[in-house]
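Colleague: Below is a structure I'd like to ask you about.
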Amino acid sequence: MSHPGYYSDLQRITRRHFFGSSAAGIGGVALSALMGDSLAAATSAIAANGAQLRGLHFAARAKRVIFLFQAGGPAQQDLFDYKPLLNQKNGDQLPEHIRGGQRLTGMSAQQASIPLAGSIFKFAQHGQSGAWLSELLPHHRQIVDDVCFVKSMFTEAINHDPAITFFQTGSQIAGRPSMGSWLSYGLGSMNDDLPSFIVLVSANQADQPLYARLWGSGFMDSKYQGVQLRAGKDPVLYLSNPDGICRSGRGAMLDKLGALNRHQFEKELDPEIESRIAQYEMAFRMQASVPDVTNLSAETESTFEMYGADSRTPGTFAANCLLARRLAERGVRFIQLYHQGWDHHGSLPASIRQQCMETDQASAALVLDLKQRGMLDDTLVVWGGEFGRTSYSQGALTATDYGRDHHPRCFTMWLAGGGIKPGFTYGRTDDYGYNVADADGTPTSPTRHEFTPGAVHVHDLQATILHLLGVDHAQLTFKYQGRHYRLTDVHGHVVNDILS
């Protein structure tokens with residue numbers, strides 16, 4: 001006997017399939033009449049690749065995103081946010097009026113002393129924009145006039161797991177779709193032979209774990225989840241044929257399996273069966289496309305020199321940056337890189353120096369490489385971590401050593417290409433580098449509920465990324481358990497001031 005909701009589910013599925021199959025035709029004709037052939041062509045292309053949106057809400061500035069996520073929380077005071085007063089006050093206690101009653105983590109809340117820690121690294125201005133950079137980032141000097149530094153990022157999460165989850169899914173609570181999944185769901189793929197969402201994780205050993213749910217599809221269909229490419233012989237697990245199985249034999253087997261699954265779908269009308277068919281077919285196509293895209297042997301010597309010696313070693317951040325460019329060339333829409341090791345509670349000077357040696361050259365090279373190939377204009381590159389670090393020292397402060405605790409109140413990220421204003425710095429922090437500040441340097445207390453000029457919440461950044469891809473973040477929704485969800489929850493504002 002059918003369950004009570006069976007017939008309503010059947011109606012919903014069949015209606016969805018009808019409108020899905022006819023939208024490219026009916027919608028295309030209507031849009032062509034209303035808005036002209038160019039938008040109609042874009043609409044037809046989006047509809048043809050299985051996307052949910054039947055047209056862009058805005059003219060897209062970017063076609064794809066490369067997100068260089070620095071897991072652990074880079075210390076902005078030692079990289080981008082130059083604070084002479086903090087250096088002068090080195091060793092003094094954090095003023096109460098600057099702290100403002102802010103909660104501290106359990107790792108430093110019980111310290112008898114909370115001494116301010118200025119950076120031991122030298123800063124200088126570079127480029128026509130005069131952007132401040134630490135001596136730790138010599139290669140960033142080449143791109144300061146191509147990027148936009150956002151120095152007033154803020155978030156609510158104070159610990160790694162909820163903070164990273166918030167950045168990737170728009171919620172601190174696990175279970176929501178990741179940003180790449182939202183884009184796959186909304187915009188579909190630009191290459192039938194590769195997934196629209198690919199993840200690359202640096203093969204370094206770090207103490208902060210990363211979970212596959214960070215690139216998962218949550219309550220969406222599993223076909224929207226990210227696919228991780230790994231270093232080594234098999235970039236995708238179980239993609240290669242077993243010994244004794246040839247490609248034609250695998251193809252014949254998948255044809256028969258597809259026929260059985262379609263027969264099952266006709267009886268059960270379960271959309272997940274269609275996804276299973278599509279994933280088998282994608283895996284078969286990836287057997288040819290993945291070895292090609294991950295083979296760096298065709299790259300020139302000058303390219304390897306640009307990205308650095310590490311780019312010759314699979315699994316390094318540098319090799320992953322180079323691979324990201326190759327994936328972008330082949331139409332992958334969202335490329336997520338993760339590099340761990342920025343969680344510097346102690347021994348920060350030595351540890352951050354090592355992190356910059358691993359990431360500085362390749363990050364800059366990616367921007368320069370995209371630019372020289374004419375791809376930066378429609379590729380959005382994002383660099384940053386889940387939060388910042390404190391202006392006071394966690395643990396003992398000495399003349400040569402200190403640590404920094406987690407700090408969600410303010411931190412720095414940068415963006416380049418894809419409609420972002422180049423050679424620009426947006427927002428500022430107070431003279432202690434502890435709070436987002438207004439134009440005259442007065443500390444402010446922005447919240448996610450109302451947009452504060454000069455401050456950028458995580459949901460604001462997500463809304464801006466979607467806007468650059470032609471998507472209104474408030475209209476890209478997914479209905480689950482009776483509620484319409486979106487990446488930015490019920491918040492988020494486009495930061496128009498950083499758009500070119």
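Colleague: From the residues in segment 390-424 that are in contact with a helix residue (DSSP H, G or I) (Cβ under 7 Å, 6 or more places away or on another chain) and charged (D, E, K, R), which one is surrounded by the most Cβ atoms within 10 Å (Cβ to Cβ)?
Modeller: Among those that are in contact with a helix residue (DSSP H, G or I) (Cβ under 7 Å, 6 or more places away or on another chain) and charged (D, E, K, R), it is 404.
Colleague: Could you give every pair whose Cβ atoms fall below 6 Å, whose first residue belongs to segment 80-105 and is assigned by TED's automatic domain parsing to the domain that holds residue 393, and whose second residue is charged (D, E, K, R) and not in a loop (DSSP other than H, G, I, E, B), counting only separations of at least 6 or pairs across chains?
Modeller: From segment 80-105, the pairs are 81/151.
Colleague: For the condition at pLDDT below 95 and within 15 Å of the chain's Cα centre (by Cα), what is the one hit in 168, 225, 208? Spell out how you get there, then give the answer.
Modeller: On the way: 168 fails: at pLDDT below 95; 208 fails: within 15 Å of the chain's Cα centre (by Cα).
From the options 168, 225, 208, the qualifying one is 225.
Colleague: Taking the condition at pLDDT below 75 and either within 25 Å of residue 188 (Cβ to Cβ) or surrounded by 11 or more Cβ atoms within 10 Å (Cβ to Cβ) (or both), does residue 275 pass?
Modeller: Values: at pLDDT below 75: yes; either within 25 Å of residue 188 (Cβ to Cβ) or surrounded by 11 or more Cβ atoms within 10 Å (Cβ to Cβ) (or both): yes.
Yes.
Colleague: If you don't mind, there's one more thing I want to ask. Go through (1) at pLDDT 95 or above; (2) out of contact with any Gly (no Cβ under 9 Å at 6 or more places or on another chain); (3) among the basic types (Lys, Arg) for residue 285 and report which single condition fails.
Modeller: Failed condition: (1).
Colleague: Report every pair of residues separated by at least 6 positions or lying on different chains whose Cβ atoms are under 7 Å apart, first residue within segment 173-199 and on the phi < 0 side of the Ramachandran plot and not assigned by TED's automatic domain parsing to the domain that holds residue 488, second of a type in the set (A, V, I, L, M) and assigned to a loop (DSSP other than H, G, I, E, B).
Modeller: No pair meets every condition.
Colleague: Check 374, 346, 341 and return the single one that is within 18 Å of the chain's Cα centre (by Cα), surrounded by fewer than 24 Cβ atoms within 10 Å (Cβ to Cβ) and assigned to a loop (DSSP other than H, G, I, E, B).
Modeller: Numbers: 374 fails: within 18 Å of the chain's Cα centre (by Cα); 346 fails: within 18 Å of the chain's Cα centre (by Cα).
It is 341.
Colleague: Still on this structure, I have one more. Please go through segment 307-333 and give me each residue that is of a type in the set (Ser, Thr, Tyr) and surrounded by 24 or more Cβ atoms within 10 Å (Cβ to Cβ), ordered by number. Working first, answer last.
Modeller: Here is the first cut: in segment 307-333, the ones of a type in the set (Ser, Thr, Tyr) are 307, 311, 313, 316.
Hits for segment 307-333 are 307, 311.
Colleague: Within segment 382-398, track down each residue that is modelled with pLDDT of 95 or more, part of a loop (DSSP other than H, G, I, E, B) and over 13 Å from residue 151 (Cα atoms). Lay out the reasoning, then the answer.
Modeller: Keep residues of segment 382-398 that are modelled with pLDDT of 95 or more, which gives 382-394, 397-398.
Narrowing further to those that are part of a loop (DSSP other than H, G, I, E, B): 385-387, 390-391, 393-394, 397-398.
Across segment 382-398, the qualifying residues are 386, 390, 391, 393, 394, 397, 398.
Colleague: Scan segment 23-30 and give yes if some residue there is part of a helix (DSSP H, G or I), at pLDDT 95 or above and not β-branched (Val, Ile, Thr), otherwise no. Break it down into steps so the answer makes sense when it comes.
Modeller: So in segment 23-30, the residues part of a helix (DSSP H, G or I) come out as 23-30.
Retained after the next criterion (residues that are at pLDDT 95 or above): none.
No, that holds for no residue.
The values are calculated or read from the model by the stated rules, or taken from the named source; none is laboratory data. Quantities reported herein were computed from a predicted structural model and do not represent experimental measurements. Don't worry about glycine lacking a Cβ; one is built from the backbone with ideal geometry, like all the others, and counts go over all protein chains shown.
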